[in-house]
């Protein structure tokens, strides 16, 4: 090795070392300036109990894995989540610390993740349309604006959830499509929409990374010949069987693969 070669090797090593240290300093400075610990989350409850028990199980899993959770309740959620319901869902410890009158910015400070385990159609519609006239839509909109990762359960707001039909939801197709449009808008903002029972799984899969911005797909009502991502997000079983004439959108196929659900079309 010539002296020139040796000098070049030494210089490259120095540059690599300095580059690594600069990157570490920049990451530390960014984390300090935003004051965002990686495993702190705000859990926002809105006024529905659809999927509550499954979502509560996911929250307990996250807490056991070291996540520090703080709760915020909309006025409707505070009325809905009675002591008995909170006890049955195993949420007493989390909800006991929820402030009655809280500053929204203070609630979000220090959190890198916003979880919405019980997203209502009302809150989804308001945020999709740019409205924030209440604690829940304000926190959700502000979390999006601040670049937080947002993961929300769709059980209470998806018009194609069979559980809604059991509660008398019989809206006509144009109304359902309006609700789907609100969910598509939230997805386009970077909100990750998942079934309530998959909250913990969703957090684990891309924890610490950027919000997943998946393609917006049409979500059909039951009986239509298009199977969209919202349909896939609500599927609970390990296998899904559809007719050959049903079109599965790419986003739906990605969602099924992500959750290891076997698709059979025959």
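Among residues belonging to the range 243-258 that are in contact with a strand residue (DSSP E or B) (Cβ under 6 Å, 6 or more places away or on another chain) and assigned to a helix (DSSP H, G or I), point out the one that is farthest from residue 203 (Cα to Cα). Explain how you work it out, then say what you get.
First, the residues of the range 243-258 that are in contact with a strand residue (DSSP E or B) (Cβ under 6 Å, 6 or more places away or on another chain): 244, 246-248, 252, 256.
Those still in the list that are assigned to a helix (DSSP H, G or I) too: 252, 256.
On the way: 252: 19, 256: 17 Å.
My answer is 252.
Close Cβ contacts (under 8 Å, 6 or more residues apart or on different chains) running from residues in the range 247-260 that are on the phi > 0 side of the Ramachandran plot and in the same structural domain as residue 237 (by TED's automatic domain parsing) to residues that are modelled with pLDDT under 85 and not in a helix (DSSP H, G or I) comprise 260/238.
Conditions tested, residue by residue: (1) farther than 18 Å from residue 48 by Cα; (2) surrounded by fewer than 16 Cβ atoms within 10 Å (Cβ to Cβ); (3) out of contact with any strand residue (DSSP E or B) (no Cβ under 6 Å at 6 or more places or on another chain).
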position	(1), (2), (3)
102	yes, yes, yes
110	yes, yes, no
115	no, no, no
119	no, no, no
123	no, no, yes
131	yes, yes, yes
138	no, no, yes
143	yes, no, no
151	no, no, no
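If the condition is being under 15 Å from residue 70 (Cβ atoms) and out of contact with any helix residue (DSSP H, G or I) (no Cβ under 6 Å at 6 or more places or on another chain), then the range 81-100 contributes 93, 94, 96, 97, 98, 99, 100.
Counting only residues that are modelled with pLDDT of 90 or more and under 14 Å from the mean Cα position of the chain (by Cα), give me the helices (runs of 4 or more DSSP H) lying completely in the range 148-206 with at least 3 of them. Before you say what the answer is, go through the steps one by one.
Working: elements: 162-165, 173-188, 199-206.
Ranges flagged: 173-188, 199-206.
Checking the stated criteria, residue 156 turns out not to satisfy the condition of being surrounded by fewer than 23 Cβ atoms within 10 Å (Cβ to Cβ) and farther than 17 Å from residue 129 by Cβ.
The values are calculated or read from the model by the stated rules, or taken from the named source; none is laboratory data. Quick caveat: nothing in here was measured; it's all calculated off a predicted structure. Note that we place each Cβ from the backbone using ideal geometry, even for glycine, and neighbour counts take in every protein chain shown.
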